[in-house]
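Every read-out reported here was derived from the displayed coordinates using simple, explicitly stated rules and does not represent laboratory data. Only a predicted model underlies this, so the values are computations on that prediction, with no experimental measurement involved. Every residue, glycine as well, gets a Cβ built from its backbone with ideal geometry; the counts of neighbours run over all protein chains shown.
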Protein chains: 4
Amino acid sequence: MGDERGEGMGGGQVAADELRLLIERAERLEEEKKGISEDIKDVFAEAKGRGYDPKSIKTVMAIRKKKREQYQEEQSILEVYMQALGML
Amino acid sequence: MGDERGEGMGGGQVAADELRLLIERAERLEEEKKGISEDIKDVFAEAKGRGYDPKSIKTVMAIRKKKREQYQEEQSILEVYMQALGML
Amino acid sequence: MGDERGEGMGGGQVAADELRLLIERAERLEEEKKGISEDIKDVFAEAKGRGYDPKSIKTVMAIRKKKREQYQEEQSILEVYMQALGML
Amino acid sequence: MGDERGEGMGGGQVAADELRLLIERAERLEEEKKGISEDIKDVFAEAKGRGYDPKSIKTVMAIRKKKREQYQEEQSILEVYMQALGML
C-alpha cells in the first residue's frame, strides 16, 4: 500500500510538474508577446514624435497586407457606394 | 439576540433582493443587446443577399460617422504616405 | 439614348435608395445598441454606488449563464490544478 | 530654384525612407507577435493533447497574475453574492 501510495504520489508529482511546465511556457510566451506589443507602441510613439500620423500609418499597413487588385476592387466598390449616397 | 439576528437576516434579505434586481436588469439589457446585434447581422446578410458588399457598407458607415473635413484630411495624409511608399 | 440614360439613372436611383435604406437601418440599430451598452454601464455604476463590486457581479452573471453541472465540473478541475501547483 | 527643388526632393526622399523604415519595423514586430500568438496556441494544443483542459489552465494563469490576498478577497465577495442569490 505504501508502494501504491508512493506511485500515486509520484504520478501526481509528475503530472504537477508537467502542468507547471506547460503553464510556465505559456506565461513566458505571454510575457514576450506583451513586450512586443510595447515595442509596437514605441514605434508608433516614435513615428508620432517625428510628425507622422499613427492612425494613417496603421491604415497604410492594413493596405500593404492586401493584394493590389483586392485593394483596388475594394476602393472602386467604396467609390460607387459613396457616389450613390452623395458622399463624393 | 433574536432581534439582532432577525434584523441581520432582514438586512441580508433586502440586500439579496437588491442584488438580484440589479443582476436581472443587467441580464435583460444584455439579452436586448444580443438581439440587436443579431438584427444588425440580419441587415448585413440582407444587403449581401441583394448583391451588396457588407465590408464596404461597414466602411461607408465608418466614414459617415466622421466630419467631412476630418475624412478629407485623413484621405490626403493617406495619399501622401502611399505616394511616398510607391503604393500609388 | 436619352431613354437608356433615363433607365440607367432610374435603375441607379433605385439601387441608391435601397443602399441608403439598408445603411440607415444598420445605423439606427447601431445607435440602439450603443444606447443599451450605456444602460448596462449605468446598472453597474448604480450597483457600485450601492456598494456592490461590479467585477464580481459580472462573474456572477457569467456563472448564471452556465449549467450548474458545467460550473461544478469547471470548479473541480480548477481546484485540482491549483492543488497541483500549490496554490491552495 | 533647381537647388531648392533638389533639396525638396531630397527632403521628400529622406522622409519616405524614414516612413518606410518605421513601417517595416512595425510590420516585423507584428509578424513576431503573430508568431508568438501561434506558439501560445501550440502550448494550449499540447496541453489539450495531454489531457488538460485549456480553459481551466487559462483561469489558473489569470489567478497566478493576482496577488494572493486580492484573489482571496474576490473569492469571498463572489461567495457572498452567490450565497445571496441561492447559487451555493
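Quick rundown of the values:
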| quantity | calculated |
| --- | --- |
| Backbone HN-Hα couplings from phi across the range B:49-54 [Karplus 6.51/-1.76/1.60, Hz, Gly and Pro as x] | x, 8, x, 8, 9, x |
| Cα→Cβ-extended label distance, 7 Å offset, between D:LEU85 and C:GLN83, nm | 2.7 |
| Extension gain (nm, one decimal) between A:ALA16 and A:LYS58, 0.36 nm per residue minus Cα-Cα | 10.8 nm |
| Reachable aspartates and glutamates, given that their alpha-carbon falls under 17 Å from the alpha-carbon of D:LYS65 and they are not under 8 places away in the same chain | A:GLU24, A:GLU27, A:GLU30, A:GLU31, A:GLU32, C:GLU79, D:GLU73, D:GLU74 |
| Alpha carbon Rg of the range B:33-85, scaled by the compact-globule rule 2.2 N^0.38 Å | 1.55 |
| Derived scalar couplings ³J(HN,Hα) [the range D:64-71; Karplus, 6.51 cos²θ - 1.76 cosθ + 1.60; whole Hz; x for Gly, Pro] | 4, 6, 8, 5, 3, 5, 4, 4 |
| The range A:38-44 - phi-based ³J(HN,Hα) in whole Hz, Karplus 6.51/-1.76/1.60, Gly and Pro as x | 5, 4, 5, 4, 4, 4, 5 |
| Shielding score for A:24-37, defined as the mean number of other chain Cβ atoms within 10 Å | 6 |
| Förster radius 22 Å - calculated FRET efficiency between D:GLU32 and A:GLU30, Cβ distance, rounded to 0.05 | 0.95 |
| Other protein chain Cβ atoms within 10 Å, averaged over every residue that makes up C:64-77 | 2 |
